[in-house]
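A short reminder: the numbers here are calculations on the coordinates, not readings from a lab. Because the structure is predicted, anything quoted here is derived from the model rather than measured. Cβ: placed from backbone, ideal geometry, glycine included. Neighbour counts: every protein chain shown.
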Amino acid sequence: MAKVKTTFFCQSCGAQSAKWQGQCTSCKSWNTIVEELVQKPDKKDWKTGNQSAPNRVSKPLKISEIDTTKTVRMDTADGELNRVLGGGIVPGSLTLLGGEPGIGKSTLMLQVSLKLPYKTLYVSGEESQKQIKLRAERIQPLNDTCYILTETKTQLIFKQIEALQPDVVIIDSIQTLQSDYLEASAGSVSQIKECTTELIKFAKETATPVILIGHITKDGSIAGPKILEHMVDTVLQFEGDRNHVFRILRAHKNRFGSTHELGIYEMLGTGLREVTNPSEILISKKDEALSGNAIAVTLEGVRPLLIEVQALVSTAVYGTPQRSATGFNAKRLNMLLAVLEKRAGFRLGAKDVFLNITGGINVDDPAIDLAVVAAILSSNDDEALAKNFCFAGEVGLSGEIRPVQRVDQRILEAEKLGFEIIFVSKHNKIGLKNTAIKVQLLTKIEDLVQIIG
Ligand code: TYD
Ligand code: MG
């Protein structure tokens with residue numbers, strides 16, 4: 001094998017050292033020294049042992065003359081994934097799928113490989129071929145186009161790829177890959193960077209799309225260097241509460257589409273099921289109306305989504321009242337409580353307030369504010385809201401109800417699900433006429449108190 005040269009660099013100040021050490025001698029920071037390749041074996045590319053193709057010379061082209069006719073997106077046969085990717089997989093693209101352990105990344109990708117109408121190579125460094133087959137049999141009928149390889153050395157993987165010529169490559173996971181050119185152990189910053197670089201080179205040269213599964217760290221970012229997210233074309237995040245059945249697929253970065261789209265799945269015993277109409281599942285259609293429940297019409301991406309907000313207001317037993325929120329920003333809850341106290345005269349200072357968004361979903365659409373306030377008021381009075389009410393409005397610091405975006409779409413969704421009154425801001429410009437649902441306009445929080453109080 002030709003000579004490979006590596007050196008150690010500090011990731012924070014860039015200082016170079018001959019060997020690994022815990023602390024950088026130059027900037028004194030700890031754990032920043034990482035091994036990096038400085039010289040690759042000559043004239044060899046990702047196909048080990050082969051001479052690389054002569055360097056193609058890239059010439060500037062007029063943008064109008066660049067040929068894009070060949071980049072037809074590959075349909076993944078999974079509606080939710082297609083939407084999040086912006087219409088399918090782009091040939092030659094690198095997609096990174098991140099998520100907590102056990103959330104279902106491997107399940108999703110295995111399911112996609114079984115559904116894909118293309119020759120797919122699923123490379124796993126985490127499970128054996130048998131284990132994968134057992135799982136596959138449970139989730140999807142097997143097909144003849146999905147190949148499973150258990151290997152972690154990139155050079156050997158490329159050899160197999162060359163022999164098999166797959167149309168799509170899936171790697172589970174990038175943290176288990178190891179390149180022969182580096183001594184560092186699998187999962188280290190330098191290995192992740194090197195393996196990703198090799199895969200990018202392969203993807204771009206052969207126009208084969210590659211999907212990487214990535215682990216995430218405790219704080220929720222993808223394990224490994226931040227640069228990994230810069231290197232790939234698309235970063236998808238698979239999230240949800242492990243104790244709930246819903247999983248959400250979001251695009252954090254997408255070079256080929258919008259990052260507003262969202263895919264929703266339900267984890268069943270037989271794999272992940274696409275949820276095409278999430279609102280119907282997320283709100284419980286109970287016969288009996290309960291106090292402290294309110295329905296919010298939120299927007300996830302461009303899809304309107306109806307969710308249930310539950311609040312519990314009770315007298316504080318201890319001196320400091322408890323405030324807790326699940327699926328909602330706790331700081332925002334405190335702000336809304338302060339607004340209710342100051343503008344509407346509710347004495348919530350001595351009350352415990354608990355808030356929960358059902359379904360284990362995390363919402364950051366400000367339009368949910370109005371439903372949160374309504375749920376709190378309802379629980380405080382211990383009086384249920386009418387079952388046909390729903391809400392979409394942001395609450396400002398002075399108690400004003402602020403307009404929300406795409407209000408027409410929200411109204412239509414609420415109407416479709418059989419709600420009879422939707423509360424929105426007076427400042428919203430509503431283009432719809434003759435809707436079956438009544439649109440109740442509010443200016444300030446006192447208006448809401450008057451109507452539902
Ligand atoms: P997995 O895909 O292994 O997670 P990851 O690769 O993100 O670590 O998913 C494992 C979880 O999914 C496991 O806890 C059980 C659950 N699961 C089901 O509920 N149904 C199924 O059909 C499968 C395959 C997994
Ligand atoms: Mg896995």
All aspartates and glutamates inside 20 Å of Lys342 as judged from Cα atoms, apart from same-chain residues fewer than 8 positions distant: Asp352, Asp369, Asp381, Glu394, Glu400, Glu446, Asp447
Set Lys59/Lys153; Lys159/Lys193; Lys331/Lys351; Lys351/Lys444; Lys253/Lys416; Lys105/Lys193 screened for pairs whose C-alpha atoms are more than 25 Å apart: Lys59/Lys153; Lys253/Lys416
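For Cα pairs less than 8 Å apart in space and 6+ apart in sequence, what is the mean separation divided by the residue count of the chain, i.e. the relative contact order in percent? Working shown, then result.
Numbers: 952 pairs, mean separation 51.5, N = 453.
About 11 percent, as a whole number.
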Net +/- balance of residues flanking Arg402 in space, Cβ distance below 12 Å, scoring K and R +1, D and E -1: -1
Hydrodynamic radius (Kirkwood) for the chain, which is based on Cα pairs only, to one decimal in Å: 25.1 Å
Helix-derived mean residue ellipticity, 222 nm - over the chain, DSSP H n ≥ 4, -39500 (n - 2.57), to 500: -7500 deg cm²/dmol
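Need the full-extension length gain, Gln450 to Lys59, defined as separation in residues times 0.36 nm minus the C-alpha distance. One decimal, nm.
133.9 nm
Given the Cα-Cα distance of Leu156 and Asn434 and 0.36 nm per residue of separation, how much length would full extension add, in nm?
Values: separation 278, 0.36 × 278 = 100.08 nm, distance 6.50 nm.
Extra length available between Leu156 and Asn434 comes to 93.6 nm.
Based on the Cβ-Cβ distance from Trp20 to Arg402, what FRET efficiency comes out when R0 is 51 Å, to the nearest 0.05?
Numbers: r = 54 Å, r/R0 = 1.07.
In this case the efficiency is close to 0.40.
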Rounded to 5, percent antiparallel among DSSP beta bridges of the chain: 55 percent
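Assign one of three labels to segment 74-274, namely rounded, prolate or oblate, based on the Cα gyration tensor with a ≥ b ≥ c the square roots of its eigenvalues; rounded applies when a/c is under 1.5, prolate when it is not and a/b is larger than b/c, and oblate otherwise. Mind dumping the intermediate values first?
Numbers: a/c = 1.32, a/b = 1.17, b/c = 1.13.
Rounded is the answer for segment 74-274, as its axis ratio a/c remains below 1.5.
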Antiparallel %, DSSP beta bridges [both residues in segment 281-452], to 5: 60 percent
